[in-house]
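In what follows, a structure is listed as structure tokens, so that the remarks can point back to it.
The values are calculated or read from the model by the stated rules, or taken from the named source; none is laboratory data. The shown structure was predicted, so the numbers you read here are calculated from the model rather than taken from an experiment. Cβ sites come from the backbone with ideal geometry, for glycine too, and all protein chains shown count toward neighbours. With ligands, DNA and RNA removed, areas are computed over all heavy atoms of the protein, side chains included. Shrake-Rupley method; radii C 1.70, N 1.55, O 1.52, S 1.80 Å.
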Amino acid sequence: MKNDKYKMVVTEDGSSSLYSENFTELMHTRHGAFNESLEKHVIPSLILNKEKKQLNVLDIGFGMGYNILALLTEIKKNQCIHIDSFEFDRGYIEFLRNLQFNDEKDIYYSKIFSAFENGTYSDGIISISVHFGDARTSLLNLLNNGRLYDAVFQDPFSPSKNCELWTLDYFKLIYKLMCDDAVLTTYSNAFQVRRAMSEAGFYLARNVNSSFRKEGTLCFKKRGLLPEISDQELLEIINNYKSVPFRDDTLKADREYIAEERRKEIVRNKI
Ligand SMILES: C[S@@+](CC[C@H](N)C(=O)[O-])C[C@H]1O[C@@H](n2cnc3c(N)ncnc32)[C@H](O)[C@@H]1O
């Protein structure tokens, strides 16, 4: 299937991903879309070890809903789970309508698809809200409902293409929405992302696994939760000219403006 904005691609683990013509990026790694959700987000988030009766997860960039799918297939069946997911494009819904996994994932995917189609899904154990619109506005709205999250899947497109969801101000906001023992997972290891996370108050760890080709980042609020990136390495990141973070103090600046202001700051720092 193909439309003007998206193209379906089969990845190495047999699961499909979508290539976005706007972002000129695939939504997942070619090495395995579903496995990426499981290994870069669900497992390292530590959510599977939590014993709470009610878990809350923030999923940034619904995309094809694979992070949610991997979570629902792995989570203990006696736990209630609420997921808030953000997405600003519905233009690829027809691709999702026809997705099939030919195993128990199909049952969970029908729930996830229903949330994407209708905005919400709930069966008393699993509840999913897909907030359509810019994720920054949705985040600000969530601040008002008082819910804190046990895990955050930070999964927009890459920082260079999707910088409005990788700014210092954005990470400061997410910090406020996380429980003390929550972990934020991401595939990015970009210097400016690590510095932004650190300046927002997070401790950082490597997101590594023998099957990844590239290291990502985990960040968290409580010291000792995970083995931290050393102070020496953090200092090297902060002192590198490439680590100037994206900034967006109004949380509504244009993507191009955010990227341009960072370029200017890098030039100013070099003079
Ligand atoms: C890499 S894909 C996410 C893949 C997804 N997590 C999954 O499991 O399939 C990134 C998604 O973020 C969405 N996105 C990018 N910028 C956004 C923004 N400012 N607000 C809301 N959604 C955004 C894109 O439309 C895209 O669907």
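Taking the criterion of being closer than 17 Å to residue 171 by Cβ, open to solvent by 40 Å² or more (accessible area, probe 1.4 Å) and not aliphatic (A, V, I, L, M), the residues of segment 231-261 that qualify are 247, 249, 250, 252, 255, 261. Whether a residue is in contact with a Leu (Cβ under 8 Å, 6 or more places away or on another chain), among the acidic types (Asp, Glu) and closer than 24 Å to residue 28 by Cβ was assessed, and residue 150 passes this test.
Quick grid of which residues meet (1) near the ligand (Cβ under 10 Å from one of its atoms); (2) open to solvent by 40 Å² or more (accessible area, probe 1.4 Å); (3) on the phi > 0 side of the Ramachandran plot; (4) among the aromatic types (Phe, Trp, Tyr):
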position	(1), (2), (3), (4)
106	no, yes, no, no
116	no, no, no, yes
134	yes, yes, no, no
142	no, no, no, no
145	no, yes, no, no
153	yes, no, no, yes
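Criterion applied to 49, 56 was being without any contact (Cβ under 8 Å) to a residue 12 or more places away in the chain, away from the ligand (no atom under 12 Å from the Cβ) and either farther than 16 Å from residue 216 by Cα or open to solvent by 30 Å² or more (accessible area, probe 1.4 Å) (or both), and the one residue passing it is 49. Would you confirm, using the coordinates I've provided, whether residue 161 is within 16 Å of the ligand (Cβ to nearest atom), open to solvent by 30 Å² or more (accessible area, probe 1.4 Å), among the basic types (Lys, Arg) and in contact (Cβ under 8 Å) with a residue 24 or more places away in the chain? Considered against the rule, which asks whether it is within 16 Å of the ligand (Cβ to nearest atom), open to solvent by 30 Å² or more (accessible area, probe 1.4 Å), among the basic types (Lys, Arg) and in contact (Cβ under 8 Å) with a residue 24 or more places away in the chain, residue 161 comes out as yes.
Evaluated against (1) in contact with a strand residue (DSSP E or B) (Cβ under 6 Å, 6 or more places away or on another chain); (2) within 16 Å of the ligand (Cβ to nearest atom), residue 178 falls short on exactly one condition, (2). Residues of segment 86-111 that are under 17 Å from residue 22 (Cβ atoms) and part of a loop (DSSP other than H, G, I, E, B): 88, 89, 90, 91, 92. Test residue 69 against the criterion of being within 10 Å of the ligand (Cβ to nearest atom) and open to solvent by 10 Å² or more (accessible area, probe 1.4 Å), and give yes or no. So residue 69 fails the test.
Of the residues making up segment 43-82, those that are part of a helix (DSSP H, G or I), out of contact with any strand residue (DSSP E or B) (no Cβ under 8 Å at 6 or more places or on another chain) and closer than 22 Å to residue 181 by Cβ are 48, 49, 70, 74.
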